1. Any idea how many residues of region 276-318 are open to solvent by less than 40 Å² (accessible area, probe 1.4 Å), at pLDDT 85 or above and β-branched (Val, Ile, Thr)?
2. Considering only strands (runs of 3 or more DSSP E) fully contained in region 1-76, which possess at least 1 residues that are free of Cβ contacts under 8 Å to residues at least 24 places away in the same chain and open to solvent by 70 Å² or more (accessible area, probe 1.4 Å)?
3. Condition check: open to solvent by less than 60 Å² (accessible area, probe 1.4 Å), within 24 Å of LEU160 (Cβ to Cβ) and in contact (Cβ under 8 Å) with a residue 40 or more places away in the chain. Does GLY273 satisfy that?
4. Picking from ASP265, ASP195, which residue would you name as being open to solvent by 40 Å² or more (accessible area, probe 1.4 Å) and within 17 Å of GLY142 (Cα to Cα)?
5. Would you confirm whether or not region 123-136 contains a residue that is open to solvent by 50 Å² or more (accessible area, probe 1.4 Å), at negative phi and free of Cβ contacts under 8 Å to residues at least 40 places away in the same chain?
6. Could you tell me how many of the residues in region 213-252 are closer than 16 Å to LEU145 by Cα and surrounded by fewer than 19 Cβ atoms within 10 Å (Cβ to Cβ)?
7. Say whether the condition of being modelled with pLDDT under 95, open to solvent by 70 Å² or more (accessible area, probe 1.4 Å) and on the phi > 0 side of the Ramachandran plot is met by at least one residue in region 154-169.
8. Mind checking whether some residue in region 96-116 is under 22 Å from GLU10 (Cβ atoms), under 17 Å from the mean Cα position of the chain (by Cα), modelled with pLDDT of 85 or more and not aliphatic (A, V, I, L, M)?
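The values are calculated or read from the model by the stated rules, or taken from the named source; none is laboratory data. Here the structure is a predicted model, which is why all the values come from computation and not from measurement. Backbone-built Cβ (ideal geometry, glycine too); neighbour counts: all protein chains shown. Side chains are part of the model used for accessible areas, which takes the heavy atoms of the whole protein and leaves out ligands, DNA and RNA. Shrake-Rupley method; radii C 1.70, N 1.55, O 1.52, S 1.80 Å.
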Amino acid sequence: MNELIIELTEINPREFFGLQNSNIQLLKKYFPKLKIVARGSKMKVYGDEDMLEEFDLRLNMLLEHFGKYNKLDENVIERILTSESKSDYETSEASGEVLVHGVGGKLIKAQTANQRRLVETTYKNDMVFAIGPAGTGKTYTGVALAVKALKEKQVKRIILTRPAVEAGENLGFLPGDLKEKLDPYMQPLYDALRDMIPPEKLDSFIEKGVIQIAPMAFMRGRTLDNAFVILDEAQNTTHAQMKMFLTRMGKNAKFIITGDPGQIDLPRRVTSGLKEALLVLKNISGIGMIFLDDKDVIRHKLVKKVIAAYKEIENRNG
């Protein structure tokens, strides 16, 4: 009797095997002549060589589907196990506006007109500025586009960066080492990624450097090739930082720069690199600029009212 051993990596075995190994039971139903044992992150399968080859083929199709959509259900498993080719089980979920199939099968897509414009502009341009107030989904949509590009092998890595500027807090007095001091600044980027990539795969990507999350200062001296790069909170860059960042662009790179000119935390009399860049680069072909507003806010309904109230005060004060 021949043996096939499969090691599941970068996915959660419990999610793949199903509740109380329900997905394994389905496999046993379709392959009754094989002995299938699933423990931990390993599967051991025993049987005739021809049957093991067929099982290995179908299992790889299941793993590919799970890696793409982050979910398996009985209908999907049955389609894959009974199909003659991969195209037979491809679903309509891959079409339309869906950017990424997130954790637990969550469909991540552009939800507003300006977010859809951001997606379309990014497809047409290698450098895009996404400008708008808090909660308009500019960073989240940007991260979704980056994850999509990585999954489709358009780029080899994702690089996410922010300027570590204190918003009313002193970085030097925060507890911990440098990483622990900086991680809170990067948290919104981690949060978006956790929605889109299963924990095991995300940890693996970060460990291997496929996904890099770093403060702005770490960009100096680098050439960013084959990468999807997002600069978040760009309103807090200086002239020198913005120029340094934009000139890091290498071959086959996509840059998205997000920011809110209404939330600048720089010292007084220091010009925001974002505000300056929007003026300097506005007529350059290949650079897109999208402006989101309170109509694009997808957080709690009160956020729109808060933005409107502050806008009224700012207009009144000139």
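1. Within region 276-318, residues that are open to solvent by less than 40 Å² (accessible area, probe 1.4 Å), at pLDDT 85 or above and β-branched (Val, Ile, Thr) number 2.
2. Result: 35-39.
3. No, not satisfied.
4. Numbers: ASP265 fails: within 17 Å of GLY142 (Cα to Cα).
Result of the check over ASP265, ASP195: ASP195.
5. Yes, because at least one residue in region 123-136 is open to solvent by 50 Å² or more (accessible area, probe 1.4 Å), at negative phi and free of Cβ contacts under 8 Å to residues at least 40 places away in the same chain.
6. The qualifying residues number 2.
7. Within region 154-169 (the criterion being modelled with pLDDT under 95, open to solvent by 70 Å² or more (accessible area, probe 1.4 Å) and on the phi > 0 side of the Ramachandran plot), the answer is yes, since at least one residue qualifies.
8. yes
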